[in-house]
1. Being of a type in the set (S, T, N, Q) and either within 13 Å of ligand 1 (Cβ to nearest atom) or within 15 Å of Leu63 (Cα to Cα) (or both) is true for just one of Ser89, Ser109. Which residue is that?
2. Suppose the filter is within 16 Å of ligand 2 (Cβ to nearest atom) and modelled with pLDDT under 95; does Thr12 pass it?
3. Give me the residue from the stretch 60-79 that is under 14 Å from the mean Cα position of the chain (by Cα) and surrounded by fewer than 23 Cβ atoms within 10 Å (Cβ to Cβ) and, out of that set, farthest from ligand 1 (Cβ to nearest atom).
4. Of the numbered conditions (1) surrounded by fewer than 24 Cβ atoms within 10 Å (Cβ to Cβ); (2) at pLDDT 95 or above; (3) away from ligand 2 (no atom under 12 Å from the Cβ), Leu98 satisfies every one except a single condition; which is it?
5. If a residue has to be at pLDDT 95 or above, part of a helix (DSSP H, G or I) and either of a type in the set (A, V, I, L, M, F, W, C) or under 15 Å from Leu165 (Cβ atoms) (or both) to count, how many in the stretch 214-248 make the cut?
6. Take the stretch 146-168 and flag every residue that is surrounded by 22 or more Cβ atoms within 10 Å (Cβ to Cβ) and part of a helix (DSSP H, G or I).
7. For the stretch 169-189, what are the residues that are closer than 20 Å to Pro229 by Cα and either out of contact with any Ser or Thr (no Cβ under 7 Å at 6 or more places or on another chain) or assigned to a loop (DSSP other than H, G, I, E, B) (or both)?
8. Pairs only if they're at least six apart or on different chains, beta carbon under 9 angstrom, first in the stretch 176-205 and over 25 Å from Thr235 (Cβ atoms) and touching a residue at least 12 places away in the same chain (Cβ under 8 Å), second in a loop (DSSP other than H, G, I, E, B) and within 15 Å of ligand 1 (Cβ to nearest atom); list them, first residue then second.
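The values are calculated or read from the model by the stated rules, or taken from the named source; none is laboratory data. All figures in this text were calculated on a predicted structure; none of them were measured in a lab. Cβ placement follows ideal geometry from the backbone for every residue including glycine, while neighbour counts extend to all protein chains displayed.
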Amino acid sequence: MKIWQKITRRLTRRSTDPHTPGKADLHVHTDFSDGLSSVMQTLDWVARHTDMDVIAITDHDTLEGSRLAQTLARKYLMPFEVIVGVEVSTADGHLLALFVEEPIPAGLSIEETTAHVAAQGGMSILPHPFSRTGLMMVAERYQKAPERVHDLPLAAVESFNGALLMGPCNSLSPGFAAQLGKPAVAGSDAHVHYAVGSSFTTFPGRTAQALRQALHGGTVRPVGHYWSPQAYFMTGVKWTVLQRHLLPLPRFSLGLPRIR
Ligand SMILES: [Zn+2]
Ligand SMILES: [Zn+2]
């Protein structure tokens, strides 16, 4: 089946009612960072198997996959828009930057990073603020210095992250967003294409521009569902294979000399 046929088939499943809220998945990874699916696999999945109107590709510390996705989506007249975005590894945890055009350096403080985003006319979203892995324990750091987070120019807080099946993040985040007086959004944090669209944010309108206005106006709503079992399984299997290949796991030693 040619791609335009697939897209046309999918178009017929999208609502044509202009009053139906739009749907956006604001947090998607590809193999330009630690995702497992190519940009084209991701776009094809969104076109054929979801009814997303907007997606943001937010690879870790690179805009390249996101830029490519936007170009391809326009070239092939995909029935959704792509926002250029990035998930920045700040010194204080991850930060989603949407509607950006230039790379944002990693490793800066969250204040410096949000200033970079704002200077480009972009929007900052705080993802998974209570995640307990890696650099992501953002909210806990903020709880020790709450004035920091209150002063940040955040457009929204990710109140539901589709990847985080375990841990308290998704139960604590909605209250955190409310406490800050920020709109709550949901994103899949997909690292494989099957997961894109599992969680999404609704907004009045159907375009990226309408989404932007809805973020400004606080008229976005989170809709949270976890990934499908297939998505968790594929991500687990592929990551295990990749990590064993890229980063050999420590092995038990029998005290014998290791031959290299
Ligand atoms: Zn993250
Ligand atoms: Zn992510």
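1. Details: Ser109 fails: either within 13 Å of ligand 1 (Cβ to nearest atom) or within 15 Å of Leu63 (Cα to Cα) (or both).
Just a single option satisfies the conditions, and that option is Ser89.
2. No, not satisfied.
3. Among residues in the stretch 60-79 that are under 14 Å from the mean Cα position of the chain (by Cα) and surrounded by fewer than 23 Cβ atoms within 10 Å (Cβ to Cβ), the one farthest from ligand 1 (Cβ to nearest atom) is Leu63.
4. Leu98 satisfies all of (1) surrounded by fewer than 24 Cβ atoms within 10 Å (Cβ to Cβ); (2) at pLDDT 95 or above; (3) away from ligand 2 (no atom under 12 Å from the Cβ) except (1).
5. Total satisfying the criteria: 2.
6. The answer is Val149, and nothing else.
7. Correct list: Asn170, Ser188, Asp189.
8. Phe176/Pro129; Phe176/Phe130; Ala177/Pro129
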